Amino acid sequence: MDLILIKKLVKIFNTSDISELEVEKDGVRIKICKQIENVTIPFVPQVANQNISQPAVETSKIEVETNANVQEKTINLHEIHSPIVGTFYIAPAPDADPYVKVGDTVSKGSVLCIVEAMKLMNEIESDVNGKIIKIIVDNGNPVEYNQPLFLIETS
């Protein structure tokens, strides 16, 4: 593979919406990945059975008053995206326990779920250490390429 072809691949990759590209030709393998940024947003502990949902790509301030106090804590949220189009499964089998639940601590490389595509089960792993804040997709639902699956609080 020559340098001109590699430069063309990088240029196309940088101007596209794809986050990962892998090419193999004549025994030479090239893998290009875009790094996804962590987004920092203020966080307030949840009050009994209160669900606060918001996109991780926007920064916003949430305040919950408890006994005339406002408590605030800053956290980093990281999104895990689907690398392929397929069907989302939170467990390895219908009768098995889920890989992760909200509140679980995960480490880099931990399996979070499976995305089935063309009868192949693709394990999706965490690329950060942290705590599962939200599972965005329901079990058995279809997912698109680059669709957010999980929100993970990183330290």
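A few notes on this one:
- Scanning the stretch 118-134 for residues that are in a strand (DSSP E or B) and polar (S, T, N, Q) turns up just one, N122.
- Filter result (at pLDDT below 50 and among the hydroxyl-bearing types (S, T, Y)) within the stretch 52-105: S53, T59, S60, T66
- Among the numbered conditions (1) within 27 Å of S16 (Cβ to Cβ); (2) part of a strand (DSSP E or B), the only one that P83 does not meet is (2).
- Failed criterion for V115 (all others in (1) farther than 21 Å from T154 by Cβ; (2) touching a residue at least 40 places away in the same chain (Cβ under 8 Å) hold): (2)
- Only one entry in K131, K101 is touching a residue at least 24 places away in the same chain (Cβ under 8 Å) and exposed (fewer than 14 other Cβ atoms within 10 Å of the Cβ), namely K101.
- The listed residue being within 14 Å of P83 (Cβ to Cβ), part of a loop (DSSP other than H, G, I, E, B), among the hydrophobic types (A, V, I, L, M, F, W, C) and in contact with a strand residue (DSSP E or B) (Cβ under 7 Å, 6 or more places away or on another chain), out of V137, V115, V102: V137
- Neighbours by Cβ (under 8 Å, 6+ apart or cross-chain): first from the stretch 79-91, assigned by TED's automatic domain parsing to the domain that holds G140 and of a type in the set (F, W, Y); second part of a loop (DSSP other than H, G, I, E, B) and surrounded by 18 or more Cβ atoms within 10 Å (Cβ to Cβ): F88/S82; F88/V137
The values are calculated or read from the model by the stated rules, or taken from the named source; none is laboratory data. Quick caveat: nothing in here was measured; it's all calculated off a predicted structure. Positions of Cβ are backbone-derived with ideal geometry, glycine not excepted, and every protein chain shown enters the neighbour counts.
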